[in-house]
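Single-structure report; data block below.
Taken together, the values in this text are just the output of simple stated rules run on the coordinates, not laboratory data. Since this is a predicted model, take the numbers as computed values, not measurements. Virtual Cβ from ideal backbone geometry, glycine too; neighbours counted across all protein chains shown.
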Amino acid sequence: MLIISRTIAGIYVLATLILVIVTVIFGPIGWSPLPLPTAAPPIRVELAVSSEKEAWLRSALERFARTNPTISGRAVEVRMRVTGSIDLITAIERDGYQPTVVSPASELQLAELRQWRDDLLREPAQALAFTPLVALMREAPATKEIANPWQLWQRQFPDQINNVKIGISSPIKSNGGLQSLIVLAAQYHDEQTSLTVDQASDPGLEEWLRQLNSRIVGWPESTGTLT
């Protein structure tokens, strides 16, 4: 009787081991006496960034992925969507795109997003990097009091001014173009740190920009295309 009991127990243990091995290799098949715990779903992070940051952020994410990151046993997967800043905000506003983190080229796009739907920004904006806008200008005694570059060019190149061509990316499609337009408006009003809506709507500024527009060679959609 003892031999029979041991034989039955051995067969049961052997059958159980076979079922476990089959379940591990092929997945659950029918009834399993020892159901295996399923892996916890990964934590997915959707990172939406402007195209200017793609190279160094993608490099950072590759290094991050090589560490096999986990939180409480759950794998962390980071996906990155790269596009122009204005297109990025448009996708959130119009298409219902909801990334985990949004990082456009400047705070101008975040201000637009707050104006449209402030509840989408659950955390206060934090600066990721600062990229200064640098202008190099020739200073001469006769023109050092002129802060406006267009007036400076008119003074410096009176005979060649009609041949001067200007390249600015589209302020509707490109953050660089929008920033350029803001800088031009601020310089027109001799403002260093602020610009009001009334100043931006000034008829004199509009006329001055029309003169400038005649010198501009197209309005490419991105600064990269212009470069």
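General observations
- Oblate is the label for segment 48-90, because a/c, from the alpha-carbon gyration tensor with a ≥ b ≥ c as root eigenvalues, is 1.5 or above and a/b does not exceed b/c.
- Listed peptides 82-92, 48-58 appear in the order 82-92, 48-58 once ranked by packing, highest mean of other Cβ atoms within 10 Å at the front.
- The reciprocal of the average 1/r between distinct C-alpha atoms defines the Kirkwood hydrodynamic radius, which for segment 181-227 equals 11.9 Å.
- Cα gyration tensor, segment 149-226 - rounded (a/c under 1.5), prolate or oblate: oblate
- Counting neighbouring Cβ atoms within 10 Å and putting the fewest first, the residues F157, F130 line up as F130, F157.
- Mean Cβ count within 10 Å, highest first, over the residues of peptides 173-183, 210-220, 193-203: 173-183, 210-220, 193-203
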